[in-house]
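The values are calculated or read from the model by the stated rules, or taken from the named source; none is laboratory data. It should be emphasised that the depicted structure is a prediction, and the values quoted were computed from it without experimental measurement. Positions of Cβ are generated from backbone atoms using ideal geometry, with glycine treated the same way; all protein chains shown enter the neighbour counts. Ligands, DNA and RNA are stripped out before the accessible areas are found, and what is left, the full protein with its side chains, is counted by its heavy atoms. Shrake-Rupley method; radii C 1.70, N 1.55, O 1.52, S 1.80 Å.
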Amino acid sequence: MLATGVCALGAVAAVTGHVLAHRDPGVAAAKGADAAQCRRITSSAPGSLGGLSRWDTDAPGVAVWGDRHIVLRCGVTPPGPTEDMCVAVDGVDWVIDSRHTTETRKVVVTYGRVPATQVVFEGGGKTDAALIDLSHLVAPIRQRAHCIDAP
C-alpha cells in the first residue's frame, strides 16, 4: 500500500512538473492568427530568444519567451500610414507603436506585410538582437509597402 502511495505521488509530481514547464502563458491569438504564414512563423520560432526560453502555447500565431518578456502575435491588423517611428531591420520594416510603448515596454508591428506581426518586449530585454531574429521569421511574407524608403 505504501509503495502504491509513493508511486501515485511520484506520478502527480511528474504531471505537475510537466504542466508547469509547458504552461500556456495566457496570450490571446490575433484575429488573423490562423493564416498559413502565422503557422509557419510560430512553428519556426526559436526555442530561445534574447537569452529567454520559449513557452509552449495552444494559441495559434503566438510565441512567448520568458515570463512574457517577449510576446509575438502574428495575424494582427496591419498598421496603415502612420507618423510613428519606423525602423528597418534586415529588410523588414517595423513600426514602433507609440500608443502602447512605455519606458519599460516596447511594442512593434511589421509594416506592409499581411498578415502583420506584433512583438511586445517587456523590461530591458535585448530587443535589437531579438528583432533581428524575428525579422528573419517574417521576411518571407511579401512586403507590399514600406514605411522606410528602400535603398
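To keep it simple, each residue is scored yes or no on (1) over 14 Å from the mean Cα position of the chain (by Cα); (2) modelled with pLDDT of 90 or more; (3) not aliphatic (A, V, I, L, M).
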{"site": "5", "(1), (2), (3)": "yes, no, yes"}
{"site": "15", "(1), (2), (3)": "yes, no, no"}
{"site": "23", "(1), (2), (3)": "yes, no, yes"}
{"site": "29", "(1), (2), (3)": "no, yes, no"}
{"site": "35", "(1), (2), (3)": "yes, yes, no"}
{"site": "42", "(1), (2), (3)": "no, yes, yes"}
{"site": "52", "(1), (2), (3)": "no, yes, no"}
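Count of the stretch 40-58 residues, restricted to those that are assigned to a loop (DSSP other than H, G, I, E, B), touching a residue at least 24 places away in the same chain (Cβ under 8 Å) and either surrounded by 18 or more Cβ atoms within 10 Å (Cβ to Cβ) or on the phi < 0 side of the Ramachandran plot (or both), is 6. Filtered by the rule that a residue be closer than 18 Å to residue 84 by Cα and among the small types (Gly, Ala, Ser), the stretch 98-145 gives 98, 112, 116, 145.
Of everything listed in (1) touching a Ser or Thr at 6+ places or on another chain (Cβ under 6 Å); (2) under 13 Å from residue 139 (Cα atoms); (3) aliphatic (A, V, I, L, M), the single unmet condition for residue 107 is (2). With respect to residue 27, determine if the residue is assigned to a strand (DSSP E or B) and among the β-branched types (Val, Ile, Thr). In short, no. Within the stretch 104-116, no residue that is touching a residue at least 40 places away in the same chain (Cβ under 8 Å) sits with its Cβ atom under 6 Å from a residue that is open to solvent by 10 Å² or more (accessible area, probe 1.4 Å) and among the aromatic types (Phe, Trp, Tyr) at 6+ positions apart or across chains. Screening the candidates 103, 122 for the property of being more than 19 Å from residue 45 (Cα to Cα) and charged (D, E, K, R) yields one hit, 103.
Of all residues in the stretch 59-105, count the ones that are in a strand (DSSP E or B) and either surrounded by 14 or more Cβ atoms within 10 Å (Cβ to Cβ) or acidic (Asp, Glu) (or both).
So the answer is 20.
Restricting attention to the stretch 110-134, which residues are open to solvent by 50 Å² or more (accessible area, probe 1.4 Å), in a helix (DSSP H, G or I) and among the hydrophobic types (A, V, I, L, M, F, W, C)? 129, 132, listed by residue number. Can you find even one residue in the stretch 141-150 that is part of a strand (DSSP E or B) and in contact with a Ser or Thr (Cβ under 6 Å, 6 or more places away or on another chain)? For the stretch 141-150, residues part of a strand (DSSP E or B) and in contact with a Ser or Thr (Cβ under 6 Å, 6 or more places away or on another chain): absent.
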